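Reviewing the structure listed below.
The values are calculated or read from the model by the stated rules, or taken from the named source; none is laboratory data. All figures in this text were calculated on a predicted structure; none of them were measured in a lab. Cβ placement follows ideal geometry from the backbone for every residue including glycine, while neighbour counts extend to all protein chains displayed. Areas reflect the complete protein model, heavy atoms only, side chains present, ligands, DNA and RNA absent. Shrake-Rupley method; radii C 1.70, N 1.55, O 1.52, S 1.80 Å.
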Amino acid sequence: MAATCAGPAELGFVEEAPAWRLRSEQFPSKVGGRPAWLGAAGLPGPEELACALCGRPLAFLLQLYAPLPDRADAFHRGLFLFCCRAPPCCAGLRVFRNQLPRKNDFYSYEPPSEDPPPETGESVCLQLKAGAHLCRVCGCLGPKTCSRCHKAHYCSKEHQTLDWRFGHKQACTQSDYLERTVPDHNFLFPEFEIVIETEDEITPEVVEKENESEIMGSMG
């Protein structure tokens, strides 16, 4: 992918990265997985994230960290792209913006550390720092809850049914299981970090065809 402006073009490359680098507090650019929302204000709800053709929930495709340092309300800004994965749609692209001022209640005023935190496990965060609960399947706002345990949150009936089939039926009353285990629902895209460099920093050997085909194959 490439972005152009008045200066040099910026090129993005997908690379594998440890889970901690793709969390919200690192302000990542990434493909796949669950969206790393910055804050709860202005997040799209289930109606906005429903495919206009088939009505099914859209899947998170990628996000780009695109800060606007000259704007106090958008010092941190992320652009989030969603699409429909359900045939025959496989389209329905929709973009959303999520932003915060530099001084906020959730993240440090200073840039994030490049060192891994003490806890670098693979646990999935299903609640924003602002308190909003997220869907166990897609990581978007989850206003619905399981009527039995009232602890599992979902964006839609479809995702609640999917999670029920993938193990929540057996684990519904086990609160510790809910907190530490989220199954693979075969809904999310494979997750990679997007590393962005300006065009004049790129050397020919950076992009090798065999590496490119390997990454594209894994995303296919």
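Scanning segment 32-41 turns up no residue that is farther than 30 Å from Glu158 by Cβ, open to solvent by less than 40 Å² (accessible area, probe 1.4 Å) and touching a Leu at 6+ places or on another chain (Cβ under 9 Å).
Test of understanding: among Tyr107, Tyr65, which residue is more than 21 Å from Phe187 (Cα to Cα), hydroxyl-bearing (Ser, Thr, Tyr) and open to solvent by less than 50 Å² (accessible area, probe 1.4 Å)? Walk me through it before giving the result.
Numbers: Tyr65 fails: open to solvent by less than 50 Å² (accessible area, probe 1.4 Å).
Answer to the check: Tyr107.
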